[in-house]
């Protein structure tokens, strides 16, 4: 656990670098507006990380360790053994994040925060890092609550956060996969093509394919769509508002939840 931060930072940097190189080598669409978007998107994730550390003295894994010592949560109450608690904890945390994602689409005040993520008019690896700080803080609060309520082991929390961060970058990346490989992978993990539908400008497609990591919840709860109606190459990414290039500036992103926005 002492190496938690190093593990997470190392995996983050490694996955980000690999996916950026992959985007250069085999892009899904020709790269656009990197010079405007990348500095702001990367600055936003840095700001999010700093605020989480300031607001939450203990990480989710730290809270999990405290819960283990105190015997808090459903798993200790039921006597769930560690060999089962770790994979079960990872799966249940993923379900919590799926439910949270659905809520951030369906509750208007939460959508105003989350739509910053969808307002990116170009989809690439940095889009997977583009979340409003208030949404990130609320997400951490939900995650910590789930960890304590369930009594999820700390090692499962670390593993989940590393997986979620890596898969979020992967399924937002501007990369191509052979169709056969995509069909196979989306049985076990959310692929870029599966998640791209979620970033369509068409509302019924925006409100589908909520999974970031595991693909099963969308099929189980009826929110799965196989592909965009217009086709992957013709689909429009983003929202009908906040399409102006100026909306890629960090100051504009931070104030976006409090503005109506204009069509370009």
Residues (more than 17 Å from residue 154 (Cα to Cα) and either touching a helix residue (DSSP H, G or I) at 6+ places or on another chain (Cβ under 7 Å) or touching a residue at least 24 places away in the same chain (Cβ under 8 Å) (or both)) located in segment 40-77
40, 41, 42, 43, 44, 45, 47, 48, 51, 52, 55
Wholly enclosed helices (runs of 4 or more DSSP H) of segment 47-129 bearing at least 3 residues surrounded by 19 or more Cβ atoms within 10 Å (Cβ to Cβ):
60-70, 82-106, 108-118
Single residue of segment 169-191 satisfying the filter (in a helix (DSSP H, G or I) and within 12 Å of the chain's Cα centre (by Cα)) that is surrounded by the fewest Cβ atoms within 10 Å (Cβ to Cβ)
169
Please verify whether segment 222-231 includes one or more residues that are buried (at least 17 other Cβ atoms within 10 Å of the Cβ), modelled with pLDDT under 95, out of contact with any strand residue (DSSP E or B) (no Cβ under 7 Å at 6 or more places or on another chain) and at negative phi.
no
Selection status of residue 134, in a loop (DSSP other than H, G, I, E, B) and under 23 Å from residue 43 (Cα atoms)
no
Taking segment 100-146 and keeping residues closer than 17 Å to residue 50 by Cα and in contact with a helix residue (DSSP H, G or I) (Cβ under 8 Å, 6 or more places away or on another chain) leaves 129, 130, 131, 132, 133, 134, 135, 136, 137, 138, 139, 140
Which residues, counting only those in segment 192-214, are in a loop (DSSP other than H, G, I, E, B), without any contact (Cβ under 8 Å) to a residue 60 or more places away in the chain and surrounded by 23 or more Cβ atoms within 10 Å (Cβ to Cβ)?
209
Subset of segment 24-43 [assigned to a helix (DSSP H, G or I) and closer than 14 Å to residue 175 by Cα]:
24, 25
How many residues are part of a helix (DSSP H, G or I) and under 22 Å from the mean Cα position of the chain (by Cα) if we restrict to segment 216-257?
15
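For segment 167-176, indicate whether the set of residues that are touching a helix residue (DSSP H, G or I) at 6+ places or on another chain (Cβ under 6 Å) and closer than 15 Å to residue 97 by Cα is non-empty.
Among the residues of segment 167-176, at least one is touching a helix residue (DSSP H, G or I) at 6+ places or on another chain (Cβ under 6 Å) and closer than 15 Å to residue 97 by Cα, which makes the answer yes.
The values are calculated or read from the model by the stated rules, or taken from the named source; none is laboratory data. Since the model is a prediction, treat every value here as computed from it, not as a measurement. With ideal geometry, Cβ positions are generated from the backbone for all residues, glycine too; neighbour counts draw on all protein chains shown.
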